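K.L.:
Pasting in a structure now, in structure tokens, and then I'll have a few things to ask.
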Amino acid sequence: MKFQNVNTFLLALAGISVTGLIFLGYTSTSVRYKEKRFCLKLSYKQPSVVGPDGKVIAVTPWLSPIVWEGTFDPFLTDSIYRQQNITIATTVFALGKYTQFLKDFLESAEQNYFVGFRVHYYLFTDQPEQVPEVNLGEQRQLTVLKVPSSNRWQEITLRRMEKLEKLIESRLVNEADYVFSLDVDTKFYGRWGAESLGRLVGVIHPGYYQTPREQFPYERRPESQAYIPHAEGDYYYGGAVVGGLVKDVHEVAKTCREQLDIDAAKSIEAAWQEESHLNKYFLYNKPSKVLSPEYLWQDFKPHTNEVKIIRFSQVIKNYAAVRPNP
């Protein structure tokens, strides 16, 4: 009997150990990201967004929600967060000809984005005089922050994390509870509310949510700080949306900025600039909430069976006409 009890105990202990290792593999901290030589490498199957039955999957393997239509009660979630009297900061970058997207972005946001909440837009632009007048609702305000121009769109993208980091340190740490950084060449088409709030929030890119991770456009050069091997990765996250608690987004911005600077010192520019570094960060620092492609669609894409509603989408544009360089 004692022998059987010992075997049972050892089997249970082994099971707990294996479970713990798997959990650690999914919930690694930023220490793992910065000190990769100490990483515990675990191979695991790529998580799916759509199941074999065609139904969407509403939870990640590390037990974070994936937000789809039908997975939350909008009235209940908004009611819970309204009681907390929160402020949501929202940063937007509109440099050069990208100011032409501001009117649709702001007007559609006022109709759909955190309606009934205190929202403060922080607009970075090199042309303050081009910012359109938009009627903002109660408890909504817009602050325009002038920044230098650039003759490379890649440089504009590369410096966004630095600007976000500094804004959080100088203002948002005292002015907001949550912050979202959003692309300006977009438009809101449906409700975006408190269901999107979380400690650390990423969005699944609409172009790759059913793509094998080997085909993700991760940075594949080992010499880059954004490098992700072909056998690793969960989802491909869109750089057009990142959010969460102010302190957690600050850690994202600070870490990505540091990694961008290291690459720049070696004359390396990651495949998709800040988006590449964001994906590296999320690989080792799992988001506490993942937004489905409903929260980042592309206007040129047809509707799919999985995406029942489009809430936020990148508009159709002629890149050659709006970007300062190819």
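Only the coordinates and a few stated rules stand behind these numbers; no lab work does. Remember, it's a predicted structure, so these values are computed and weren't measured experimentally. All Cβ positions, even for glycine, are placed from backbone atoms using ideal geometry, and neighbour counts span all protein chains on display.
K.L.:
Using 27 Å as the Cα-Cα cut-off, could you pick out the over-long pairs in Lys103/Lys289; Lys247/Lys289; Lys247/Lys280; Lys280/Lys308; Lys254/Lys308; Lys97/Lys163? Can you show the working numbers first?
P.N.:
Values: Lys103/Lys289 29 Å; Lys247/Lys289 16 Å; Lys247/Lys280 19 Å; Lys280/Lys308 29 Å; Lys254/Lys308 35 Å; Lys97/Lys163 19 Å.
Lys103/Lys289; Lys280/Lys308; Lys254/Lys308, as the Cα separations exceed 27 Å there.
K.L.:
So which aspartates and glutamates can Lys146 reach, going by Cα to Cα under 12 Å and dropping same-chain residues fewer than 8 places off?
P.N.:
Asp126, Glu129
K.L.:
While we're on this one: Using amide H atoms built in the peptide plane, which far-off residues or other-chain residues are under 5 Å from Tyr236 H to H?
P.N.:
Answer set, sorted by chain and number: His205.
K.L.:
Out of all DSSP beta bridges in the range 184-326, what portion is antiparallel? Express it as a percent rounded to 5.
P.N.:
Working: 7 of 13 bridges.
Just about 55 percent of them are antiparallel.
K.L.:
Here is a follow-up. Only Cα pairs under 8 Å and at least 6 apart count here; give the relative contact order of the range 66-321 as a rounded whole percent. Before the final figure, lay out each step's value.
P.N.:
Values: 464 pairs, mean separation 60.4, N = 256.
Here the relative contact order equals 24 percent.
K.L.:
For the range 66-321, what does the alpha-carbon gyration tensor say about shape, rounded, prolate or oblate, given a ≥ b ≥ c as the root eigenvalues, a/c under 1.5 as rounded, and a/b over b/c as prolate?
P.N.:
Working: a/c = 1.39, a/b = 1.16, b/c = 1.20.
Judged from the Cα gyration tensor, the range 66-321 comes out rounded (a/c under 1.5).
K.L.:
If you don't mind, there's one more thing I want to ask. For the range 201-229 and the range 255-305, what is the separation of their Cα centres, given in Å?
P.N.:
8 Å
K.L.:
Explain nothing, just the number: dipole magnitude of the range 66-321 about its Cα centre with +1 on each Lys and Arg Cβ and -1 on each Asp and Glu Cβ, in debye rounded to the nearest 20.
P.N.:
Approximately 60 debye in magnitude.
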